[in-house]
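**Student:** Okay, handing you the structure first.
The values are calculated or read from the model by the stated rules, or taken from the named source; none is laboratory data. Just so it is clear, the structure is predicted and the values come from calculations on it, not from any experiment. Here Cβ is always computed from backbone atoms with ideal geometry, including for glycine, and neighbour counts include all displayed protein chains.
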Amino acid sequence: MKKFIILMLKFSVFILVFYSILIIFWGRFAPAILRPNINYTYRTYGFTNTRLNEISNFKNIDILFLGSSHAYRGFDTRIFNNAGLKSFNLGSSSQTPVQTEILIKRYLDSLKPKMIIFEVSPLSFSTDGVESTLDIISNDKNDLNSIKLALNQNNLKIYNTLFYSCFHSIYRDLFVEKKYAEDIKKGNDMYISGGYVEKEFKLFKYVNYPETKWEFNETQFSALQRIIELVNKRNIKLILIQAPSTSSFYNAHTNNIEFDDRIGNYGIYFNFNEISKLDDSLHFYDAHHLNQKGVEILDNDVINLIFKQKFILRE
Amino acid sequence: MLFNSIDFAIFLPIVFILYWFVTNKNLKLQNLLIVVSSYVFYGWWDWRFLALILFSTLVDYLIGVKLSKEENETKRKVLLWISIIVNLGFLGFFKYYNFFIENFTTAFSFFGNEIQANSLNIILPVGISFYTFQTLSYSIDVYNKKLEPTKDFIAFTAFVSFFPQLVAGPIERATNLLPQFYKKRTFDYNKAVNGMRQILWGLFKKMVIADNCAEYANIIFNNSDNYNGSTLVLGALFFTFQIYGDFSGYSDIAIGTSRLFGFDLKRNFAFPYFSRDIAEFWRRWHISLSTWFRDYLYIPLGGSRGGTWISSRNIFIIFIVSGFWHGANWTFIVWGALNALYFLPLLLLNKNRQHIGIVAQGKHFPTLREFFQIIITFGLTVFAWIFFRAENIGHAFNYISEIFSTSTFSLPDFKEIYRAYVTLGLVAFFMMLEWFGRGHEFAIEKLMITRSRMLRWSFYSFIIFMIIMFAQTEETPFIYFQF
């Protein structure tokens, strides 16, 4: 028995070393099709890396935006700056409350916002958030919080990508010029300093969506609760906002009221599907993302609301 | 609890430590630990059905005790029938109730009589087909006086619910497994190491081969109307490897896990896709079920002793019953009948036992004749699996008719085709290892065994790496859980 246990321990060490070496080479040299469980998305989409790199330039801001692509493609920091509201957009691809929690733990104290606008889409509360975790661990620094995030989500792809990302960041620091920056224009997307991503103007072609129901993931609601406690401890005002979707997409979901009721219990909440006057064809580029015209309408509505409700006083 | 889950990865070492370090001095305590662990293992899925296992255990235990005291043949027969009715009654209710109701109402409406019968929303208890057959074999063996009935209730409960093989076999005979619960188990280093090797190979089969093949088999079978014949052939091939990887992978993990606890379970698969005819295939596929039907159905029916007509009838009966055992659907019955049709010529020509040994034993490659025999047998098997996987008979026929259309001469085409080719590459790697290891109990049992520890460990580590790299990220249940 003793011999067996010693053998198992020795083999465990061996496999750990073997895995560490092989995953570095496999991740670096194998084509994507041969590494389905390493999804290293460093500088691939959403400009997360650029956004996180310039975060240190922003301090004592008025508004911090959080959330998924609805946030970083919906809240144009230029419009808010023009209204006298210094802002930063910390949205990232498919960001769910689970990842938002990690990001605010990392950056809230340095940004010191007066107010947080957290985009709460039912979509973010209906996913496990793996895609967003992969985006963050690929593009941000990795620390104990990353390990905690990986353990919470317990997904093979996340473990492999986290390990490879740690190696890759060391490799970049050693061998790649540090000032090398991500291209701020990719395809139809343009990164705007402050975190916003502007899409080349496009109109949405109407699609009829079949009736469906949101299936909520309870871990996202628990994470939201922790975020609220964390923000309250710092006396920062938190507003929950649901960004608008096309009416065809929004109305296809039969339990929107259930979502509104649940989210409403967590704090101040506004559903802009019910507030902003938008047209499916003119103000969206896809089913649930606004085009620049739509963004302008939404952002002005949000600014009016902020001043009207005196969340921040107009100077 | 699934073998391929984190829960099991935590559960197994805990039970292993308790088994060898805490309860090792007392056999009864060790058996009790197995019972408790097995009930936790099963209850993890749905604790409500534990009562069903316990009831089945109690009935067969008491019948065994009664049978040992009863000399009157009529009363003994009654006792045996109670066991059969109780066990098959549960199975019939949970598995076949809706099937019979639906078919009766369809049959009546066909003859113009509309009848109202409600089907029920019944959950099929995982593993019911397996443990029912296991307990039945006990009662039948005791009745036939092949086995001394046990008076040790804990040992009997452990035999019925032994967690490695509780939910998907191998279906153990009381004559093999029950006596192992009476004897003190001593830890055997070589057996445990071999068990770990078999667990590793089982996980590879399940997580890399079966789960990846399942992805494409599901895409193709679920949308078969949209694909050309060659894509449908590919879909059938994916399902062929999915079901083999899934089920034989489960058996490997079950047998390997049992070895860690000092038990020897029956072999359930012996490289069936290298069979040279269908008779050989059925000696190598789901062996514990085939031999169960042979011993408890085919032989009591007369086996091959009653002339051509009786033998043919018996072959059809066991194949159809075997098909029906898999599920309450006509597709399984047709699958069974088709295999009977494949088997029949061999039986009639008295050629059903011509391929007993290992194909191309001691050689690297088969002869051309063997190669073609393997390909033809494999082709017949793939064809039969279409019925097994199809949603209904109509679906199967549509699927097959598209395969026999001119569209089969165009290239396979579906959204994930390039990823599917990678999976085919994994299957090729897997079958290559299976071929080289076909002389042993499982493919990697002796592979690299004579090489240095460094090389051997690198090989095992590479297998683990393949699992880490290619496993599906969501835990997927084993196919045979639904049977």
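**Student:** Kindly indicate which of A:PHE163, A:PHE167, A:PHE125 is among the hydrophobic types (A, V, I, L, M, F, W, C) and within 14 Å of the chain's Cα centre (by Cα). Steps first, please.
**Tutor:** Working: A:PHE163 fails: within 14 Å of the chain's Cα centre (by Cα); A:PHE167 fails: within 14 Å of the chain's Cα centre (by Cα).
The match here is A:PHE125.
**Student:** Same structure again: Among the candidates B:PHE281, B:PHE319, B:PHE269, B:PHE343, single out the residue that is out of contact with any Cys (no Cβ under 9 Å at 6 or more places or on another chain), in a loop (DSSP other than H, G, I, E, B) and surrounded by 21 or more Cβ atoms within 10 Å (Cβ to Cβ).
**Tutor:** Values: B:PHE281 fails: in a loop (DSSP other than H, G, I, E, B); B:PHE319 fails: in a loop (DSSP other than H, G, I, E, B); B:PHE343 fails: in a loop (DSSP other than H, G, I, E, B).
B:PHE269 is the lone residue from the list that is out of contact with any Cys (no Cβ under 9 Å at 6 or more places or on another chain), in a loop (DSSP other than H, G, I, E, B) and surrounded by 21 or more Cβ atoms within 10 Å (Cβ to Cβ).
**Student:** With the structure loaded, tell me whether B:THR473 is away from chain A (no Cβ under 11 Å) and polar (S, T, N, Q) or whether it fails that test. Talk me through it step by step, then tell me what you get.
**Tutor:** On the way: away from chain A (no Cβ under 11 Å): no; polar (S, T, N, Q): yes.
Taking the combined requirement at face value, the residue does not satisfy it.
**Student:** Output the number of residues of region A:1-26 satisfying the condition of being touching a residue at least 12 places away in the same chain (Cβ under 8 Å) and more than 10 Å from chain B (Cβ to nearest Cβ).
**Tutor:** The total comes to 2.
**Student:** Answer yes or no as to whether A:SER245 is of a type in the set (Ser, Thr, Tyr) and under 30 Å from A:ARG43 (Cβ atoms). Please lay out each step first, then the result.
**Tutor:** Working: of a type in the set (Ser, Thr, Tyr): yes; under 30 Å from A:ARG43 (Cβ atoms): yes.
Spelling it out, A:SER245 is indeed of a type in the set (Ser, Thr, Tyr) and under 30 Å from A:ARG43 (Cβ atoms).
**Student:** Right, something else. Could you tell me whether region A:208-229 includes any residue that is under 20 Å from the mean Cα position of the chain (by Cα) and over 28 Å from B:THR473 (Cα atoms)?
**Tutor:** Yes: one or more hits.
**Student:** Let me ask you something else. Which pairs have Cβ atoms under 8 Å, sit 6 or more apart or on different chains, and link a residue in region A:185-214 that is in contact (Cβ under 8 Å) with a residue 24 or more places away in the chain to one that is part of a strand (DSSP E or B) and loosely packed, with under 14 Cβ neighbours inside 10 Å?
**Tutor:** The qualifying pairs are A:TYR191/A:LYS185.
Residue-by-condition table, conditions (1) of a type in the set (A, V, I, L, M); (2) on the phi > 0 side of the Ramachandran plot; (3) within 14 Å of another protein chain (Cβ to nearest Cβ); (4) within 27 Å of the chain's Cα centre (by Cα):
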site: B:GLY302; (1), (2), (3), (4): no, yes, no, yes
site: B:ARG305; (1), (2), (3), (4): no, no, no, no
site: B:GLY323; (1), (2), (3), (4): no, no, no, yes
site: B:THR331; (1), (2), (3), (4): no, no, no, yes
site: B:LYS351; (1), (2), (3), (4): no, no, no, yes
site: B:PHE378; (1), (2), (3), (4): no, no, no, yes
site: B:TRP385; (1), (2), (3), (4): no, no, no, yes
site: B:ALA390; (1), (2), (3), (4): yes, no, no, yes
site: B:PHE397; (1), (2), (3), (4): no, no, no, yes
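**Student:** Mind checking whether some residue in region A:157-164 is among the polar types (S, T, N, Q) and more than 14 Å from chain B (Cβ to nearest Cβ)?
**Tutor:** If we filter region A:157-164 for residues that are among the polar types (S, T, N, Q), which is where we start, we get A:160-161.
Checking which are more than 14 Å from chain B (Cβ to nearest Cβ) leaves us with none.
No, region A:157-164 has no match at all.
**Student:** Of these, B:PHE3, B:PHE41, which one is outside any helix (DSSP H, G or I), more than 14 Å from chain A (Cβ to nearest Cβ) and under 21 Å from the mean Cα position of the chain (by Cα)?
**Tutor:** The match here is B:PHE3.
**Student:** Among the residues in region A:32-44, are any at pLDDT below 95, buried (at least 18 other Cβ atoms within 10 Å of the Cβ) and away from chain B (no Cβ under 14 Å)? I'd like the intermediate steps shown before the answer.
**Tutor:** Let us first name the residues in region A:32-44 that are at pLDDT below 95, namely A:32-44.
Among the residues that remain, those that are also buried (at least 18 other Cβ atoms within 10 Å of the Cβ) are: A:35-41.
Subsequent filtering for residues that are away from chain B (no Cβ under 14 Å) retains A:41.
Yes, region A:32-44 contains a residue that is at pLDDT below 95, buried (at least 18 other Cβ atoms within 10 Å of the Cβ) and away from chain B (no Cβ under 14 Å).
**Student:** Which condition does A:TYR171 not pass, out of (1) touching a residue at least 24 places away in the same chain (Cβ under 8 Å); (2) hydroxyl-bearing (Ser, Thr, Tyr); (3) over 24 Å from A:HIS289 (Cα atoms), if it passes all the others?
**Tutor:** So A:TYR171 meets the others, but not (1).
**Student:** Now for a different question. Test of understanding: among A:PHE47, A:PHE80, which residue is at positive phi, crowded, with 21+ Cβ neighbours inside 10 Å and touching a Gly at 6+ places or on another chain (Cβ under 9 Å)?
**Tutor:** Numbers: A:PHE80 fails: at positive phi.
It is A:PHE47.
**Student:** Across region B:78-114, what is the number of residues that are in contact (Cβ under 8 Å) with a residue 12 or more places away in the chain and under 30 Å from B:PRO149 (Cα atoms)?
**Tutor:** Selection size over region B:78-114: 13.
**Student:** Follow-up question, since we're still on this one. Name the residues in region B:184-219 that are assigned to a loop (DSSP other than H, G, I, E, B) and away from every other protein chain (no Cβ under 14 Å), would you?
**Tutor:** B:LYS184
**Student:** Would you point out which residue out of B:ILE468, B:ILE403 is within 12 Å of chain A (Cβ to nearest Cβ), crowded, with 17+ Cβ neighbours inside 10 Å and of a type in the set (Val, Ile, Thr)?
**Tutor:** Details: B:ILE403 fails: within 12 Å of chain A (Cβ to nearest Cβ).
Within the list B:ILE468, B:ILE403, the selection yields B:ILE468.
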